[in-house]
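J.: To start, I am sharing the structure in question, which I have written as structure tokens.
The values are calculated or read from the model by the stated rules, or taken from the named source; none is laboratory data. Remember, it's a predicted structure, so these values are computed and weren't measured experimentally. So basically every Cβ, Gly included, is an ideal-geometry build from the backbone, and we count neighbours across all protein chains shown.
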Amino acid sequence: GFAFSFDATRQARTATTPGDRIRSIAIKDANGKTIDEVVVDGEVVGDPNRTFRMVTLNFLANGGDSYPFLNFASTLNRVDLLASATAPRTGAATFAPNGSEQDAFAEYLAQSDTFTQEDVDPTLDLRIQNLAFRNEAVFSDAITGGSGNDTLNGTNADDTIFGRDGNDLLNGGEGKNKLYGGAGNDRINSGRENDLLDGGSGNDIINAGEGNNTVFAGAGNDTINTGSGNDKIDAGEGINHINAGEGKNTITAGAGNDTITAGTGNDFINAGAGNNKIYAGEGVNTIRTGEGDDLIHGGSRADWIDAGAGQDLIYANGGNNTVFGGAGNDTIFTGTGNDLIDGGLGNDTLWLGGGRDTVILAAGNGIDTINKFQLGKTQLGLSGGLKFTDLRITQQQGAALIEIASSGEDLASLSWVQASAITSSSFVTV
């Protein structure tokens, strides 16, 4: 744009009187670098016949600068202008007075002949630069990085930022942003709105703000931190660390040894295959893992846990929980709530809490060792058509052994329980 200086003590120009207030005029690029000089020390320099084309857009962003140019006779001008005959107008700019800056720009966009000298078709412009944004701006930005390690900062508007290759730093700003890290080990930070964050390939660090965010980490060993919103997180394959905030989150991780820490909301967690570590928060959580030896800590309320295949270690903690150990020799601890526990295939070890728990027994599932069985409180749930009359209960070295009488298949061993104390009242059909 134009940069100029003037001396207010000198003669001002009117339509009939020349002035010399303008002391310098320079044309500068978007970075403030001077690319041409028009006036130096009050004198025109260079080719006086060269032309410049410039349109003021500032009034669109913040309401105008209140400089009309009706006839150039009664007002002082910021730069020297030559008055010419009144140019034809379409009358399309009904929102602004004739001859005002707003009217001139509207006529220009309508491709009329408001500027009759050196005017060109507006479609020849490639882009508009250097707009200053304010709150509630209507513009959306697209910011693109290169192949290097870029730092890309958004605005208060709704930004779209592409980091592309390299280890990039993307800061989304306050709008509803779409941030794409691309290839490389990127760090992506969003603001308070509902943002889309895509780390791409690489070992990324993604910090989602307070909104309801959607996060795609992509392949790589990623770290994901979210805020208080209801977030959707897809961590992708890799060794990921996910720290979810206080909202109602949906967390999906691919193959890899993931560590997932949930917040206080009601979260859905699908950790996928791998030796995962999951720490549920205080909400009512749904936790599912794939094949692998998982460590799962439930929250303080009613969680639904399916550990999948593998030798899993599960702490159900407080609340009325439903726990499925899956295939493998699992170790399961319950809390003070009334829990339903199905160890699944394998020889499982159960440590019961103080609640009224129900432990599922089925033919072909292996033998479960049940510790802290409470007569009158703990129930053994018979599934797959088993009935109490199908069972044989015997004493075996300080434990009551429950087996199928017809086949001799062991179902459960109740530690520190006398076989004679076990009656049909300890069983229920499920």
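J.: Could you identify the single residue in GLY318, GLY254, GLY292 that is surrounded by 22 or more Cβ atoms within 10 Å (Cβ to Cβ) and of a type in the set (Gly, Ala, Ser)?
T.: On the way: GLY318 fails: surrounded by 22 or more Cβ atoms within 10 Å (Cβ to Cβ); GLY254 fails: surrounded by 22 or more Cβ atoms within 10 Å (Cβ to Cβ).
From the options GLY318, GLY254, GLY292, the qualifying one is GLY292.
J.: Among the residues of region 213-228, which ones are among the hydroxyl-bearing types (Ser, Thr, Tyr) and within 10 Å of the chain's Cα centre (by Cα)? Outline the logic, then answer.
T.: Step one: list which residues in region 213-228 are among the hydroxyl-bearing types (Ser, Thr, Tyr), which gives 214, 223, 226, 228.
Hits for region 213-228 are THR214, THR226.
J.: I'm trying to understand the selection: among the residues of region 368-390, which are free of Cβ contacts under 8 Å to residues at least 40 places away in the same chain, more than 51 Å from the chain's Cα centre (by Cα) and closer than 25 Å to GLY355 by Cα?
T.: PHE388
J.: I'd like to know if region 304-315 contains one or more residues that are surrounded by fewer than 24 Cβ atoms within 10 Å (Cβ to Cβ) and of a type in the set (Val, Ile, Thr).
T.: So far as region 304-315 goes, no, none of its residues is surrounded by fewer than 24 Cβ atoms within 10 Å (Cβ to Cβ) and of a type in the set (Val, Ile, Thr).
J.: Please pick out the residue among GLY310, GLY292, GLY281, GLY211 that is more than 24 Å from ASP168 (Cβ to Cβ), modelled with pLDDT under 95 and not hydroxyl-bearing (Ser, Thr, Tyr).
T.: Values: GLY310 fails: modelled with pLDDT under 95; GLY292 fails: modelled with pLDDT under 95; GLY211 fails: more than 24 Å from ASP168 (Cβ to Cβ).
Being more than 24 Å from ASP168 (Cβ to Cβ), modelled with pLDDT under 95 and not hydroxyl-bearing (Ser, Thr, Tyr) holds for just one of GLY310, GLY292, GLY281, GLY211, which is GLY281.
J.: Let me ask something additional. For residues in region 413-427 being assigned to a strand (DSSP E or B) and among the polar types (S, T, N, Q), which is surrounded by the fewest Cβ atoms within 10 Å (Cβ to Cβ)? Step through it out loud before you land on a result.
T.: Here is the first cut: in region 413-427, the residues assigned to a strand (DSSP E or B) are 413-415, 427.
Narrowing further to those that are among the polar types (S, T, N, Q): 413, 415.
Values: SER413: 22, SER415: 16.
So the residue we want is SER415.
J.: Assess whether ASP410 counts as being more than 27 Å from ASN321 (Cβ to Cβ) and in contact with a Leu (Cβ under 9 Å, 6 or more places away or on another chain).
T.: For ASP410, the condition - more than 27 Å from ASN321 (Cβ to Cβ) and in contact with a Leu (Cβ under 9 Å, 6 or more places away or on another chain) - is not met.
J.: I'd like the residue in region 158-198 that is within 17 Å of THR144 (Cβ to Cβ) and hydroxyl-bearing (Ser, Thr, Tyr) and, out of all such residues, is surrounded by the most Cβ atoms within 10 Å (Cβ to Cβ).
T.: TYR180
J.: Another question, then. In region 187-212, how many are within 11 Å of ASP234 (Cα to Cα) and outside any strand (DSSP E or B)? Spell out how you get there, then give the answer.
T.: From region 187-212, those within 11 Å of ASP234 (Cα to Cα) are 197-199; that's our starting set.
With outside any strand (DSSP E or B) added as a condition, the list becomes 199.
Residues meeting the conditions: 1.
J.: Looking at the structure I just gave you, is ASP267 crowded, with 21+ Cβ neighbours inside 10 Å, acidic (Asp, Glu) and at negative phi? Spell out how you get there, then give the answer.
T.: Details: crowded, with 21+ Cβ neighbours inside 10 Å: yes; acidic (Asp, Glu): yes; at negative phi: yes.
Yes: the conditions hold for ASP267.
J.: Which strands (runs of 3 or more DSSP E) sit wholly inside region 329-412 and have at least 3 residues that are touching a strand residue (DSSP E or B) at 6+ places or on another chain (Cβ under 6 Å) and farther than 26 Å from GLY298 by Cβ? I'd like the intermediate steps shown before the answer.
T.: Details: elements: 331-333, 340-342, 349-351, 358-361, 368-371, 379-382, 391-396, 399-404.
Passing ranges, in order: 391-396, 399-404.
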